[in-house]
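Please treat every number below as a calculation from the coordinates, not as lab data. In this text, all values refer to a predicted model and were calculated from it rather than measured experimentally. Note: ideal-geometry Cβ built from the backbone for every residue, glycine included; neighbour counts use all protein chains shown.
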């Protein structure tokens, strides 16, 4: 089954291995877990057991990512989906789920924060080549200026076109935050990659962009993006298969 998430995991996200067959909405519940520094071993053990018992299949499948760079370095991202918002009405709660989370996960967590619901833009994404298996993603969280949502999507569509025509060995997807806080991040892009060596390569994306869209279009694109973005925050996440509901 073709992977349908690049983050966010994501995002943003970026979760790569647990997508459904064409859900009505590619919605992901995403939250940060900050481990207690001296309790990471027990957290890993119990979080893995919880996910495998209650989040091992279907729309409630969960995976865990480790934040490698950015302000949240050292945190985990817990990600459930993809599904519809209606899937939240049937999420695990009974049968010991809530007690297990409260008794066996929370004692080893310093804090839980930024519980968000991200929806993938199903027009603007690229799942990578056949059999793509990257487990890392660079996520760019943005705050767009009021009234610029459609312009942002238009600009991201140009990026997706480059990915598709050049058949890059990485992924790209655009996500929107359904319930952004005041001045908070409301859109994100997630670019999945398999190996850190990618960043050692001479990746001349501007040349690829102009080969698709025409000469001198890259700088114009950057200028337009700057006109719609208030701020950007970056992080890189990596999936930790053994902590998720399934290790496939």
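Some observations on this one:
- Here is the size of region 45-125 from its Cα atoms: Rg then Dmax, 13.9, 41 Å.
- FRET efficiency for the residue 112 to residue 232 pair, using the beta carbon distance and R₀ = 25 Å, is estimated at 0.55.
- Relative to the current alpha-carbon distance between residue 145 and residue 38, full extension at 0.36 nm per residue lengthens the span by 34.4 nm.
- Per residue convex hull volume, Cα atoms of region 27-243, in Å³: 138 Å³
- Max mean-square fluctuation residue, GNM over the chain, Cα-Cα springs under 10 Å, options 170, 138, 71: 71
- Computed on the chain, with alpha-carbon pairs under 8 angstrom and 6+ residues apart, the relative contact order is 31 percent.
- Separation between Cα centres of region 171-231 and region 31-105, rounded to whole Å: 29 Å
- Counting only Cα atoms, the size of region 23-81 along its three principal axes is 40, 27, 12 Å, in decreasing order.
- Convex hull (Cα only) mean projected area of region 53-177, reported in nm² to one decimal: 10.0 nm²
- Each residue, residue 66 and residue 217, gets one label point 7 Å from its Cα in the Cβ direction; the gap between the two is 4.0 nm.
- Using equal-weight Cα scatterers in the Debye expression, the normalised intensity of region 93-140 in log10 at q = 0.27 Å⁻¹ is -1.11.
- A Förster radius of 30 Å combined with the Cβ-Cβ distance from residue 57 to residue 123 puts the calculated FRET efficiency at roughly 0.60.
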